[in-house]
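First comes the structure, then the notes that go with it.
The values are calculated or read from the model by the stated rules, or taken from the named source; none is laboratory data. Everything numeric here is computed off the predicted structure, so don't read it as measured data. Quick reminder, even Gly has a Cβ in these numbers, built from the backbone with ideal geometry, and neighbours come from all protein chains shown. Protein only, heavy atoms only, side chains kept; ligands, DNA and RNA dropped before computing areas. Shrake-Rupley method; radii C 1.70, N 1.55, O 1.52, S 1.80 Å.
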Amino acid sequence: MNEWVIETRALSKRYKGRYAVSGLNLKIAKGDIYGFLGPNGAGKTTTIRMLLGLIKPSSGSVHIFGKELQKERLSILRRVGSLVEYPSYYGHLSAVDNLEAIRRILDVPVGKIAEVLDIVGLAKEARRPVKGFSLGMKQRLGIASALLGSPELLVLDEPTNGLDPSGILEIRELIKDMPRQHGITVLISSHLLSEVELTAGTVGIIRQGELVFQDTIESLHRQAQGQIRLVVSEPEQATVALMQHGFRAELKESAVWLNGGQGDDAVAGAVKRLVEREHSVYRVEERRKSLEELFLQIVGEGLRA
Amino acid sequence: MMSGFLRLAASERLKLAKSPIWLLIPLSPLLSLVIGLLVNLDEFGQADNAIKYEVLVSAMAAFHAMLFLPILTGIFSAFVCRYEHAGGGWKQLLAMPVSRTGLYFAKFLTVGALLAIAQLLFLGAVVAAAFYQGLGDGVPWGMLLTSVFSGWLACLPLAALQLLVSVGWSSFAAPLVINVMLTVPNMLVLNSERFAPFYPWAQPMLAMLSFGDSELGRLALPLENVLITVTGSFVVFLAAGLVYFNRKEV
Ligand SMILES: Nc1ncnc2c1ncn2[C@@H]1O[C@H](COP(=O)(O)OP(=O)(O)OP(=O)(O)O)[C@@H](O)[C@H]1O
Ligand SMILES: [Mg+2]
């Protein structure tokens, strides 16, 4: 037994000889919010469809709640709520009837419908036919459907698609609360790191079907750590001097750059050396790569984690 | 397992309850009723009630069983898939804890139930026409129920095939066009003693008009023959549908 809520082993899906997903080893811990990131066409939706048993993997396996999906699909799906790609709905039915159609299958109490409508803020529109809903309202209905069965695992494929900024914020808050209040594990996919940055505990980044990063958000922050830029007189000599003293200094754009984990002491030491050698120190600045820049870099070139 | 199936069926019922399908069902029985009221039974003045009933049912079922019933089968099958195709319902349904086979049967059962309603309305139309024609005494319930029931049974293979086509094809109209193209030849096929017994779309008509030892029996085949064709095509079409649906990528 392991404690991963979702674990995939070398999960792959091939379409006509081309891999849409290849050798994926996802590991998602209980109570975590896992941000599943990647650009268009990276294979996020394909992966999620395999996690839900909507399509069969070409090779590899999916384990959810420690059980193999192939063998125990029904008992697993009973505990999973999902929203795949765009929300599903029956246009001729009202929001309440849409949820009722699902409720009859899941066999949960009637009261649950009002509860989930309330959670996603659709209670007022509940009696209108859904075909007249805006995309954002349909998206909310989709999230309500996912919550209806009181799932232990929530799989949301781009759930904020089509929502306005306040809607995005609401959904973000909602998702943030899931592990805390209900012990629910969440897998949420997105194109944007910024969208999951504030909620996710772990991030997996997929690029052209391959997982190129999978670690905690803190680790990602660490990798995004900055450089110190020193603007000094005679930068060439300054760089050489610092290197002689064991600093990882580099000359770039006629400034000295200190790379790698630069604690306060190291920076102070470097400045002291330069002053001792009669360099004038004009500026000491920290240059931080934003997470988004790092993400784009990972997605661009594929950084092995 | 059984309760899961019943829940699926209840969900299907809700989806159809608020759809325009209900306007369509009475059309064919109503048209049959008009024919039943207009048909002239005078030349059978001295004949048995049974003969007159056979004439009446034959007249009334002419369009109903030859054209409308097979076409309705296609429409019903397309309808139970329509809302899933339109709103991305397949992936939502199949990401829930439902067995694909169970879902397929729930859809099939729904089509069967709609057809049964159409047949019961047709039965009502026959009885109403019979009373109007003064045949009110001694309604041959056995014969009428057999006719209506075997007509329903003969539609099930078509329902199985149409469900397969409708599940596989996200278009609503395309399966209907195919169905009409396969139904229209009935008018020729039914005249062919060689082909009629083996053509699935002709079976509802043959089934509804096989009154056993009928003297009118140009069309009438022994019900057993009909049942062999019906059972054979049903097994083939349903198995194909189940295999396809269980493998379908959603
Ligand atoms: N049924 C299919 N047949 C052929 N190729 C497919 C099929 N489904 C997906 N693909 C391919 O697989 C790749 C991954 O697609 P997928 O939808 O998983 O991407 P995604 O990460 O969800 O993208 P997006 O952010 O645009 O939603 C794409 O190149 C796509 O063309
Ligand atoms: Mg996608």
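Tabulated data
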quantity: Qualifying GluC sites (Glu not before Pro) for the range A:218-286 [loop in DSSP, other Cβ within 10 Å: at most 10]; calculated: A:GLU253, A:GLU278
quantity: Electrostatic dipole magnitude of chain A [Cβ: Lys, Arg +1; Asp, Glu -1; Cα centre; debye, to 20]; calculated: 1260 debye
quantity: Low-density loop positions, trypsin sites (Lys or Arg not before Pro), the range A:132-201 - DSSP coil, at most 10 other Cβ in 10 Å; calculated: none
quantity: Fraction of accessible area attributable to carbon and sulfur, the range A:80-178 (%, probe 1.4 Å); calculated: 52 percent
quantity: Diffusion coefficient, µm² s⁻¹, Stokes-Einstein with Kirkwood Rh over alpha-carbon pairs of the protein assembly as shown at 37 °C and 0.692 mPa s; calculated: 117 µm²/s
quantity: For the range A:32-86, accessible area per residue (1.4 Å probe, heavy atoms of protein chains only), Å²; calculated: 35 Å²
quantity: Among beta bridges that DSSP assigns inside the protein assembly as shown, antiparallel share in %, nearest 5; calculated: 65 percent
quantity: Accessible area buried at the B-A interface, both sides summed, 1.4 Å probe (Å², nearest 100); calculated: 2700 Å²
quantity: Estimated dipole of the range B:1-74 in Debye, rounded to 20 [Cβ of Lys and Arg +1, of Asp and Glu -1, Cα centre]; calculated: 680 debye
quantity: Amide proton proximity set for A:ASP32, modelled H, under 5 Å, gap of 5+; calculated: A:VAL186
quantity: Unit charges on C-beta of K, R, D, E only; dipole of the range A:129-207, Debye; calculated: 160 debye
quantity: Sum of side-chain charges, A:HIS279 neighbourhood, beta-carbon under 10 Å (Lys, Arg +1; Asp, Glu -1); calculated: -1
quantity: Spin-label model distance (nm) - A:ARG277 vs B:ASP137, 7 Å beyond Cα toward Cβ; calculated: 12.7 nm
quantity: Rounded FRET efficiency, nearest 0.05, which uses the C-beta distance separating B:SER3 from A:GLU218 and R0 of 30 Å; calculated: 0.05
quantity: Principal-axis tilt of helix B:141-168 within chain B, Cα atoms, nearest 10 degrees; calculated: 30 degrees
quantity: Residue range of chain B that is longest and free of trypsin sites (Lys or Arg not before Pro) which are both DSSP loop and sparsely packed (at most 16 other C-beta within 10 Å); calculated: B:19-193
quantity: Per residue accessible area in Å² of the range A:225-288, where ligands, DNA and RNA are left out and the probe is 1.4 Å; calculated: 62 Å²
quantity: On Cα atoms only, tilt of A:264-276 relative to the major axis of chain A in degrees; calculated: 20 degrees
quantity: Cut-off under 5 Å, modelled amide H: who pairs with A:SER58 long-range; calculated: A:SER12, A:LYS13, A:ARG14
quantity: In order through the range A:5-17: 3J(HN,Hα) via Karplus (6.51 cos²θ - 1.76 cosθ + 1.60), integer Hz, x for Gly, Pro; calculated: 6, 10, 9, 10, 10, 6, 6, 9, 9, 10, 10, 6, x
quantity: Karplus-derived 3J(HN,Hα), 6.51/-1.76/1.60, for each residue of the range A:190-199, Hz, glycine and proline x; calculated: 6, 7, 10, 5, 4, 6, 10, 3, 8, 10
quantity: For A:GLU173, net neighbour charge (Lys/Arg +1, Asp/Glu -1) across residues whose Cβ lies under 15 Å away; calculated: -2
quantity: Residue-averaged 222 nm ellipticity for chain A, from DSSP H runs of 4+ at -39500 (n - 2.57), nearest 500; calculated: -10000 deg cm²/dmol
quantity: Protein accessible area in the range A:225-288, 1.4 Å probe - carbon and sulfur %; calculated: 43 percent
quantity: Per-residue [θ]222 nm for chain B (sum of -39500 (n - 2.57) over DSSP H runs n ≥ 4, rounded to 500); calculated: -23500 deg cm²/dmol
quantity: Karplus (6.51, -1.76, 1.60) ³J(HN,Hα), θ = phi - 60°, over the range A:171-186, in Hz, Gly and Pro reported as x; calculated: 5, 4, 4, 4, 5, 4, 6, 3, x, 5, 7, 10, x, 7, 8, 10
quantity: Helix A:291-301 vs. chain A, principal-axis angle (Cα, 0 to 90°, nearest 10); calculated: 90 degrees
quantity: Residue pairs, from the table B:LYS91/B:LYS248; A:LYS56/B:LYS248; B:LYS15/B:LYS107, whose Cα atoms sit over 18 Å apart; calculated: none
quantity: Percent RCO, i.e. relative contact order, over chain A, from Cα pairs under 8 Å lying at least 6 residues apart; calculated: 20 percent
quantity: Label point distance in nm, A:SER59-B:PHE149, each placed 7 Å from Cα along Cα→Cβ; calculated: 5.7 nm
quantity: List of the range B:92-135 residues, accessible area with partners at least 50 Å² below that of the chain alone (1.4 Å probe); calculated: B:GLN92, B:ALA95, B:MET96, B:PRO97
quantity: Euclidean distance between Cα centres, the range A:33-100 to the range B:6-62, Å; calculated: 45 Å
